[in-house]
Amino acid sequence: MKLEDQIRDTMRLKHLSFKTEESYVGWYRRYVLWHGKKHPAEMGAAEVEAFLTHLAVDRKLSAASQNQALNALVFLYREVLKVELEGVDAQRAKHTKRLPTVLTQAEVAELLKAVKGDAGILCKLLYGCGLRVAEGLALRVKDVDLNGSTLTVRGGNGDKDRIVTLPKVLLQPLAEHRARIEQIYIQDRAAGLPG
């Protein structure tokens, strides 16, 4: 089995997210390519340190990206190759301190008012329920409880489920959306369409 497949299998056994899997596999590929396609089992802490220093000094990557690369390589060695990396002391990228750009309540209200249709409902759900984009896109009809004013987020961060409260202003639009979708579903079943 290829090492990349072993990484993916190990991550799936540990129920890590698909995005984390893609990121870690990407860092594994860059690491191997940077070292001339040398197998990671033939390398160790010195090569990891050299790669991380290269990311900080030559590539000018952010501290967060460098940390992600380090985490990916530690995972590769510890969980897949079953080798502990000792003494990785790479030159670290500096953390930049910037104040986040935050919209005012009026700006948020205007933005949400401007987005219409299904996208508007999704944007309001993301904002009103504190959902991540992937969580909003993965919602299903069974996850929305209009009577209890709750929303079940399945497989969220850390593959955990959680229940959040639906804002009252979204109950009517969601009920109307559900009725529209139900009509489409009934028409599709009558026409014999799959899905």
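The values are calculated or read from the model by the stated rules, or taken from the named source; none is laboratory data. Since the structure is predicted, the reported quantities are computational estimates derived from the model, not experimental observations. With ideal geometry, Cβ positions are generated from the backbone for all residues, glycine too; neighbour counts draw on all protein chains shown. Quick note on the areas: whole protein, heavy atoms, side chains included, nothing else; ligands and nucleic acids left out. Shrake-Rupley method; radii C 1.70, N 1.55, O 1.52, S 1.80 Å.
A few remarks follow.
- Checking each residue in segment 51-62 for being surrounded by 14 or more Cβ atoms within 10 Å (Cβ to Cβ) and among the aliphatic types (A, V, I, L, M) picks out 52, 55, 56, 61.
- Close pairs (7 angstrom Cβ cut-off, 6 or more residues apart or separate chains): open to solvent by 100 Å² or more (accessible area, probe 1.4 Å) in segment 6-18, at pLDDT below 90 and not aromatic (Phe, Trp, Tyr) anywhere: 15/159
- Test: residue in segment 65-75 that is closer than 30 Å to residue 129 by Cα, open to solvent by less than 70 Å² (accessible area, probe 1.4 Å) and free of Cβ contacts under 8 Å to residues at least 60 places away in the same chain: yes
- Here residue 165 meets the list (1) closer than 29 Å to residue 13 by Cβ; (2) touching a strand residue (DSSP E or B) at 6+ places or on another chain (Cβ under 8 Å) almost entirely, failing just condition (1).
- Residue 63 falls short on exactly one of the conditions (1) touching a Lys or Arg at 6+ places or on another chain (Cβ under 7 Å); (2) at positive phi, and that condition is (2).
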